[in-house]
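Heads up, the thing below is written out as C-alpha cells.
The values are calculated or read from the model by the stated rules, or taken from the named source; none is laboratory data. Since we're looking at a predicted model, the values are computed, not measured. FYI the Cβ positions are ideal-geometry reconstructions off the backbone, even for glycines, and counts take in every protein chain you see. Calculation scope for accessible area: heavy atoms of the full protein, side chains included, ligands and nucleic acids excluded. Shrake-Rupley method; radii C 1.70, N 1.55, O 1.52, S 1.80 Å.
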Amino acid sequence: MIKENIIGIQQKRMLRTFAIILIGLSLQGCLATRSHIGAGLGATTTTVACVSVGIDNPYVIAMCTLGGAIAGADMMYQSDYDVHYGTIVDHMNVATSGSSYTNWHNRKTGNSGIIKTTSLYYQGPFKCVDYDVTVDITNPWPVIGMGNIDRRTEFGTACQMPDGRWLEKPYKNPYTGEWVSR
C-alpha cells in the first residue's frame, strides 16, 4: 500500500514537472522552431504511452521521453514540405521559356509532388514564372492519431527578386476585384 502511494506520488510529480516544461516551451513563442515543437510533442506522446502501459521506473520513462523527443524533432525537421518547396525553387531557378516538369518522391514516407512551369517571361528586370504544383503529403505528426492528408493543386506566378528570392505575384480576383496572393 505504501509502495503504491509512493509510485503514485512519483508519477504525479513527474507529470507535473513535464507539464511545467511543456508550458515553458509553449511560451517561447517565436523562438520555438518546428524541431522544438516536434520534440515536445514526440516526448509528450511517448511519455504518456509509457506511463499508460504501466511503466513506473522513472529512468525507463525518461528514456521513453528522450526517444520520443528525438523522433519528433527528426520528423518535424526533415519535413517533406521542405523538400517540396526546395524543389519548386530549384525548378523555377532553371526554368526555360517552354513548359517543364519536375517530380519528387520520398520512398520512406510515400509523399510526392509535381512541379510544372508553364511559361517564363520578364517584367522589367524581374524573371517571372507561371507554375502549377501538385502536393500529395501525409503528415506523420509526432502525436499518436494526429496525421493529416494534404492533396492539392495550386496555380500561380512567382517573380524572382534581384537577391534570388521568389515572391508570389498577386492577382486580381475577378469576383471581388481585390488584389490577393495565393
Report summary line: Checked Thr134, Thr157, Thr118, Thr96 against criteria (closer than 27 Å to Asp74 by Cα and in contact (Cβ under 8 Å) with a residue 12 or more places away in the chain); the one match is Thr134
Report task. Look through region 153-182, keep the residues that are open to solvent by 70 Å² or more (accessible area, probe 1.4 Å), part of a strand (DSSP E or B) and not aromatic (Phe, Trp, Tyr), and return whichever of them is modelled with the highest pLDDT. Result -> Thr153
Report summary line: Considering residues that are of a type in the set (Ser, Thr, Tyr), under 23 Å from Leu167 (Cβ atoms) and open to solvent by less than 90 Å² (accessible area, probe 1.4 Å), the number found within region 105-128 is 4
Requested in this report: Give Ala32, Ala62, Ala49 a once-over and let me know the one that is among the small types (Gly, Ala, Ser), over 30 Å from Tyr121 (Cβ atoms), open to solvent by less than 80 Å² (accessible area, probe 1.4 Å) and at pLDDT below 80.
Outcome: Ala32
Query - Residue that is nearest to the chain's Cα centre (by Cα), among those in region 88-104 that are surrounded by 14 or more Cβ atoms within 10 Å (Cβ to Cβ) and more than 15 Å from Leu167 (Cα to Cα) - result: Trp104
**Report entry** Test: Gln78 is surrounded by fewer than 17 Cβ atoms within 10 Å (Cβ to Cβ), touching a Cys at 6+ places or on another chain (Cβ under 7 Å) and modelled with pLDDT under 90
**Finding:** no
